[in-house]
Amino acid sequence: MRNFIQAVFFINIPLLISGFFLPLAFLFASNAGAAGFITGEHQLSVKEKRAGEAYYRADSKWMIYQAEVADDNPFYQIFLKNIDSGAVQQVSPGNGKTTCAWVHPSQEKVLFSSTHDDAEAKTKMVAEIERRKSGEQKSYAWDYDEFYDIYETDFSGGNIRNLTKTLGYDAEASWSPDGKLIAFASNRRAYTEELSDEEAALFKANPSALIDIYIMDADGSNVKRLTHTKTYDGGPFFSPDGKRIVWRRFSENGREAEIFAMNIDGSDQKQITRLNVMSWAPFYHPSGKYIIFATNVHGHRNFELYIVDVDGKKEPVRVTDKEGFDGLPVFTPDGNYLTWTSDRTPEKKGLLFHGKWDHQKALESLSLK
């Protein structure tokens, strides 16, 4: 999954409480700004067992998201919702795992990652169902399945086309605003290139350590690697003008992550946050003036939404203040509403929430014009 699963994977790792690292003034200011950004918040998803990662087409007429629905598949599948009618259509094959969906800005097609071409996909589904039936308790973890590829399909879910066709974890993809480019995350080089002894050891211990940000043409050609680290770079999204990419970079020990931004050619890489905790799931406001993201600065099991200016010059400002998980925020294309994933439900399962966004308050809180 683009952001959520990776973050949940690390929730069970004991982390030092962020207050030891941050100035008290920052904590006080962030708490003071935690109310009033979102009004009329309500739960969008109802029937799903779990749901998250919702994204909108540029005209706001369609929303794509992932959800666990059917009893015969324990993994997420991809669903497309017509905003006007409320009609929902499954667009993924229904076999194997899927994640990281996106809607083309103008055409009637969608993007997602899937393992449905894995010969063992159904066997893995059955094994997971049996494990759950047995009552076995297992910490939730993403496995960076090497059979993940990036696919596009039309709104009916037909005419599925594999855009990557490369062994390794290819996921977390999104189209550029003009639909000509795709940014994504991949550890393909661990399968296609000769690794140094150090890299081989890193990959064996943690397959996410060799995940980098890549960019390619919308047809899957001209693939270019943009980041060159030995830590997990993932969750890339384009800026509203299509000139930059925002993403999150994990620390070498995997216990922290910070928000970064760069030009689409990989140049001018800048660190935006310096919170020394788990900060991830960044997404630009359509104005291009600030970024919203999730962070556990208030305790490693309590993820809250924050905003920060695009250059990282201002102190981040707190948006949500509910105990538990709030993450994967995305603005509607007009910037007037926010949709995010939260476990503020009686069952503590991640589902979609939605509310009116106060853009003017956001600008004022960051001292932006």
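No value in this document is a laboratory result; all are computed from the given coordinates. The structure presented is a predicted model; accordingly, all values stated were derived computationally and were not measured. Note: ideal-geometry Cβ built from the backbone for every residue, glycine included; neighbour counts use all protein chains shown.
A few remarks follow.
- Approximate spin-label separation Lys369-Glu108, in nm, with each point projected 7 Å along Cα-to-Cβ: 4.4
- A Cα-only calculation for the chain places Rg and Dmax at 19.2, 57 Å.
- Entries of Lys204/Lys224; Lys165/Lys349; Lys204/Lys313; Lys165/Lys348; Lys224/Lys314 with Cα pairs more than 26 Å apart: Lys165/Lys349; Lys204/Lys313; Lys165/Lys348; Lys224/Lys314
- Neighbourhood charge, 14 Å Cβ-Cβ cut-off, centred on Val223 and excluding it, Lys, Arg +1 and Asp, Glu -1: -2
- Net lengthening on full extension, Ile160/Glu128 (0.36 nm per residue, minus Cα-Cα): 9.0 nm
- Scoring 54-61, 243-250 by mean Cβ neighbours within 10 Å over their residues and listing the highest first yields 243-250, 54-61.
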